[in-house]
Amino acid sequence: MKRDSIVKGILGSYTAVVILLVIYLPLIVLIVFSFNDSTISGLPWKGFTLKWYAEIGKNDVLVSSLINSVVVAAVVTVISLVVGFLAARGMTKFHYRLKSLFTGYVSIPFVMPWMLIGVALLLFFNLIKMPLSLFTVIISHISFDIPLVAVLISSRLSKFDYSVEEASRDLGSTPFQSFFLVTLPIIAPSLISAGIFSFSWSFDAFYITHFVSGSQVFFPTWIWSALRYPNKLPLINAVSALILVVEIIIITVAEIIRMKDEDASEALFM
Amino acid sequence: MSDVLAIRNLSKSFGKVKAVDNVNFTIGDEFFAFLGPSGSGKTTTLRMTAGLEVPDSGSILLEDEDITNLPPEKRNINTVFQNYALFPHMNVFENVAFGLKRKKIDNRTINKEVSKFLEMVGLSDKAKRMPRQLSGGEKQRIALIRALINKPKVLLLDEPLGALDLKIRQKLAIDLVNIREQVNISFVYVTHDQTEALTMADRIAVMDKGRVIQIGEPKELYENPNSSFAANFIGNTNILKGTVAEKKGDYYRVDIPGFTSRVWGLPTSTCSGAFQTGNEVDVSIRPEKISITKKNPVSENQNVFSGRVEEMIYVGPSTEFLVKLNNGYMFRVFAQNISPDSEIWNIKWDDDVYLYWRFDKTLLLSE
Amino acid sequence: MKTKSLKTHAALMMNIMPSFVYLLLLFYVPMVLMMVISFWKSGFMMLEPVFTLDNYRNFFHNSQYLQILRDTLVITTGSMFMLFVIGYPIGYFLGRVVKKYDSLILFLMIVPVEIGFLVRIYAWKIILSKTGIISSFLVYIGVFKEPARIFLYSKAAIILVLIHEWLPYVVIPVTIALKGIEPATLEAARDLGADRFTIFREIIFPLSIPGLFASFVLIFIPMLGEFAIPTIVGGSSTYMLGNVINNQFMAAGNWGFGSAIGVILLFASTLLIGLVIKVSGLEKLL
């Protein structure tokens, strides 16, 4: 009994220290230095300022990159949810010979290095002579987001009893009605959490965006280029701190929904 | 018969619930069963014996040695778990060999022993299979020999047949008894299934609400239960509630409220001589001890009641009647369908009938 | 009967066709294209559909690239090993020791690493730099005489950031695998005479291998394709193949050669995963 509590104490402190130092330290540093009155993000501390936050709005390229990324993430999420959800049904609902092959087919992009997806798509667009633009970024993101959504939702659907759809048909509703009245309300939490997941992935997807964006600027590619200019570094601190806070709020909401629907979180990893 | 296992004043609470309440018993070289409904404390008693739960008070003696505070890995007792608890990442051979490996026995002896035990349960060809490739009955037998191979002083079995189909269950029940006779190890068997307990066990302890209600051989428990609970839990019975009115020889007369007929009966051997006039008692009559007829039977040493047939259920070898007595009691009667000219073929629904049974088959139980 | 099965067939097609066609056109065709182009004659801003093995020859005959391949494998396997060593005790803590708050702690781990990928790498650069908090702290307590970089611009810095990036993806599968172990399995082991250490070695650890494998697949392949982390904290020397590929596509303009390295990367990861399945004896559990 006593030994158990010692083990618990040691492992608990270890966990706390690792989470704090390995995971949270950079976030804290980033936020703290976004208020430092210096172009150098280091010690000694030069005084408190909000001027870097004020500069965000003044930088037109940054603002338009943010808008571009939000537009891309929104469009990508909507399309991926629909197609990915259908794929998840294909992976769970029907019985057909090539089911596991289809499941593998949809899941493979999920474990592919993102940069290779980006490179392959760059070659492809070049070969079919499609100019790089907002559009190529959107269709490229969807290639990864469909598998992401499909994997997340299929784990929920694998525990979903499809006979409720049959019961609803039996009671006189059309396939459409049974989907909107029965299936959708049951799996809504998984859809919402998969949606938020794919939105934040797309917003932050540097590797694919980097290769297929051409001259258009998106938020991750703006950061990538800004990192080379020392005078822009405090601005990066400020805008990242801001986005971190916004995303933490969004993801907290997503996680709360996801915890209510725990299958999805297991899905990501098993 | 010397005691292999002795349990003394064992108690265990979970929060406010007394799971096991002052339990005492001793076990020799025998097949011993704990029988009780779920939550009766039988599994907790078993787990304390295995060392998987720590008792609040009381002691456990294995061949006169106090093992109460010994951890499970140090006890010479092994368990067959309810859902087998086979190690999913080890094949059949590795599962069975696990206990011997812990004793640092050399590989040649282990190989020989495992093969011997696999052969005993007829699963020699399955040694390389993984647990998930086995049927329920096969898993059960592997779990059994995985424990037995360690030659424990006592083998504990926690509802080992609970998850199986009826047919396999019946076959494995017979196997278990035969295997016990081969290996000569005391078995303690926990079940909620009275048929299992009656067919397999040498002795049964009936448990309810953390207490041992009665310990005895199957026949004794059935013919001489010491309480309504024991009578009801083992087999079916009809219970009448009444007061002791008179004593004559070994027999007592019990008055049942609302009845004009008098009921004579014997106290069960477990409560003999315990009754005074005015005591409240339960009268228990097993359904198969009752005869049913349309003519008024005039007979010595028989209790006779009249009533009306409410329900008749033909079940092949026998017919079950539900008869509503005059005061509203519902009585259950089993009649054997022995001869084609038996009187019972004439009995129909709503017929007025007489029920009669012998005084000495009328058991008086203290409440 | 006939019409019903036709209907089911149509419903099935409606569900699988959109993703099938989309991924075919915008994932599988481009991937195959990359493999094909890796065999094309290629040079600066030049690509000719003429079969050649030059791209691969150039790679394997260049000791500099082979060194980078070795460095990539050292960094990724080193990070993977460190991730298991650091992450396993946390997974054990969450999966087997704490009863409450485990999902809260997991949540605290996941949230920060789902966002701001580039920015977090850059934050590590701030931390490890000469004027960073570690250096300043060490000067302050007197360990250092004057400010200095800590690991920055080295393989160690890359490994550190990789650990930061992927730690939750080790902890979560291990936690789930350990939580999935039936209590009766452990009781059976004790009952059969196993002590705590034996139970860990014989039961708990083997049963968590599928979790470790899941995190390996989830982490290792993306790590192989990393180039932002080595670019930001790796300094001017090239450590990873991702940088070479990026360079071929975005600067050197030799796409055939870049594609060939991509194919080598894919091949290496497939090979490693196969090897791990073999070595860990995982097929028994799958």
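Assorted remarks:
- Label zone at B:N326, where the point sits 7 Å out along the Cα-to-Cβ direction: region B:352-367 residues whose backbone N lies under 17 Å: B:352-357
- Overall form of region C:52-284 per C-alpha gyration tensor (a/c, 1.5; a/b vs b/c): oblate
- Taking the DSSP beta bridges with both ends in the protein assembly as shown, the antiparallel portion is around 75 percent.
- Close Lys pairs in region B:227-357, defined as Cα atoms under 16 Å apart and 8 or more places apart or on different chains, number 5.
- Between helix A:134-157 and chain A: long-axis angle, C-alpha atoms, 0 to 90°, nearest 10: 50
- Candidates B:K139, B:K348, B:K103: whichever shows maximal mean-square fluctuation once chain B is modelled as a Gaussian network with Cα springs under 10 Å: B:K103
- Furthest towards positive pole of dipole, B:P37, B:V183, B:A19, structure part chain B, Cβ charges: B:V183
- The alpha carbon gyration tensor of region A:102-146 gives principal lengths a ≥ b ≥ c with a/c of 1.5 or higher and a/b greater than b/c, which makes the shape prolate.
- Choice from B:M207, B:M130, B:M48 with maximal GNM fluctuation in chain B (Cα, 10 Å cutoff): B:M130
- Among the trypsin sites (Lys or Arg not before Pro) in region A:1-79, those located in a DSSP loop and surrounded by at most 13 other Cβ atoms within 10 Å of their own Cβ are A:K46.
- Taking every alpha-carbon pair under 8 Å whose residues sit at least 6 apart, region B:97-161 reaches a relative contact order of 40 percent.
- Sequence-distant contacts, meaning Cα pairs under 8 Å at least 6 residues apart, place the relative contact order of chain A at 30 percent.
- Between C:S237 and A:H95, the modelled labels are 6.1 nm apart [label points 7 Å from Cα along Cα→Cβ].
- In region B:234-335, the trypsin sites (Lys or Arg not before Pro) that fall in loop regions by DSSP, at most 15 other Cβ within 10 Å: B:R262, B:K294, B:K295
- 18 Å reach of a label modelled at C:T8, 7 Å along Cα-to-Cβ, counting backbone N of region A:138-179: A:161-170, A:175
- Modelled FRET efficiency - R0 30 Å, B:E63 with C:I181, Cβ distances, 0.05 increments: 0.35
- In percent, rounded to a whole number, the relative contact order of region B:5-229 is 30, using alpha-carbon pairs under 8 Å and six or more apart.
- Once the Cβ-Cβ distance of A:S133 and C:V50 is raised to the sixth power relative to R0 = 35 Å, the FRET efficiency obtained is 0.70.
- Beta bridges per DSSP with both ends in region B:5-229, % antiparallel, nearest 5: 55
- Cα-projected label distance for C:M35 with B:R211, points at 7 Å along beta-carbon direction, nm: 7.6
- Springs join every pair of Cα atoms under 10 Å in this Gaussian network model of chain B, and among B:E94, B:E300, B:E288 the largest mean-square fluctuation is at B:E300.
- Full-extension gain in nm, B:M312 to B:V298, via 0.36 nm per residue minus C-alpha separation: 2.6 nm
- Cα centroid separation, region C:165-205 to region A:57-117 (Å): 35
- Applying the criteria of a DSSP loop state and at most 11 other Cβ atoms within 10 Å to the trypsin sites (Lys or Arg not before Pro) of region C:62-148 yields C:K99, C:K100, C:K145.
- In this calculation the C-beta distance from A:V71 to A:V253 is compared with R0 = 22 Å, giving a FRET efficiency of 0.55.
- Spatial offset of region A:122-146 relative to region C:104-134 amounts to 30 Å, using the alpha carbon center of each.
- Three-way shape call for the protein assembly as shown based on the alpha-carbon gyration tensor, with the a/c threshold at 1.5: prolate
- Relative to the longest principal axis of the Cα atoms of chain A, helix A:60-92 runs at roughly 20 degrees.
- Taking label points 7 Å from Cα along the Cα-to-Cβ direction, C:D195 and B:R262 give a separation of 7.4 nm.
- Neighbours of B:A245, meaning other residues whose beta-carbon lies under 13 angstrom from its beta-carbon, give a summed charge of +1 when Lys and Arg score +1 and Asp and Glu score -1.
- The residues packed around B:S291, meaning those with a beta-carbon under 13 Å from its beta-carbon, carry a net charge of +4 if Lys and Arg are +1 and Asp and Glu are -1.
- Against chain B, whose longest principal axis is taken from its Cα atoms, helix B:136-148 shows a tilt of about 70°.
Read the figures in this text as sums done on the coordinates, not as results from a lab. Everything numeric in this text was worked out from a predicted model, so none of it was measured. Every residue, glycine among them, receives a Cβ derived from its backbone with ideal geometry; neighbour counts consider all protein chains shown.
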